[in-house]
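Worksheet: the structure to be examined is printed underneath.
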Amino acid sequence: MTDFQQLVYARLQSLPRDFVISAGDFGDITKDEALSHVKANDEIGQIIIAIDREYFNALKSGELYAHLSH
């Protein structure tokens with residue numbers, strides 16, 4: 001796994017066991033399923049990684065805080 005993939009995996013591990021992600025056309029994905037997809041780096045895993053990358057970039061740039069303060 002890449003460093004970023006490991007970061008996403010670690011973040012998912014920290015979520016509550018009953019956490020569920022709504023993944024549009026893919027339906028609901030449990031925490032364990034999300035971990036498997038990220039580890040496999042399959043289509044769903046790549047989507048989860050891309051979403052986290054956007055989140056971390058927005059956090060880093062301050063864009064996230066700008067949206068939250070309005």
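Taking the simple approach of a point 7 Å from Cα along Cα-to-Cβ for both residue 4 and residue 20, what is their distance in nm?
3.0 nm
Between residue 32 and residue 11, what length in nm is gained on full extension when 0.36 nm per residue of separation is reduced by their alpha carbon distance?
Details: separation 21, 0.36 × 21 = 7.56 nm, distance 1.24 nm.
Roughly 6.3 nm would be gained on extension.
Can you work out the accessible area per residue across the chain, with the rest of the protein chains kept in place, probe 1.4 Å, in square angstrom? Walk me through the intermediate numbers first.
Details: 5020 Å² over 70 residues.
For the chain, the per-residue accessible area is 72 Å².
If ligands, DNA and RNA are left out, what is the accessible area of residue 9 with a 1.4 Å probe, given in Å² to the nearest 10?
50 Å²
For the chain, what is the largest minus smallest coordinate of the Cα atoms on each principal axis, given in angstrom and ordered from greatest to least?
Principal extents (Cα only, largest first): 34, 25, 23 Å.
Could you give the length gained on full extension between residue 56 and residue 39, defined as 0.36 nm per residue of separation minus the Cα-Cα distance, in nm? Provide the component values of the computation, followed by the final result.
On the way: separation 17, 0.36 × 17 = 6.12 nm, distance 1.90 nm.
Computed gain between residue 56 and residue 39 is 4.2 nm.
Quick check: at a probe of 1.4 Å, how many percent of the accessible area of the chain sits on carbon and sulfur atoms? Please report the intermediate quantities before stating the final value.
Numbers: 2700 of 5020 Å².
Percent of accessible area from carbon and sulfur atoms in the chain: 54.
In a GNM of the chain with a 10 Å cut-off on Cα contacts, which of 12, 35, 59 has the highest mean-square fluctuation?
Result for the chain, Cα springs under 10 Å: 59 fluctuates most.
The values are calculated or read from the model by the stated rules, or taken from the named source; none is laboratory data. Just so we're clear, the structure is a prediction, and the values are computed from it rather than from any experiment. Using ideal geometry, Cβ is built from the backbone for each residue, glycine included, and neighbour counts are taken over all protein chains shown. SASA here: full protein model, heavy atoms, side chains in, ligands and nucleic acids out. Shrake-Rupley method; radii C 1.70, N 1.55, O 1.52, S 1.80 Å.
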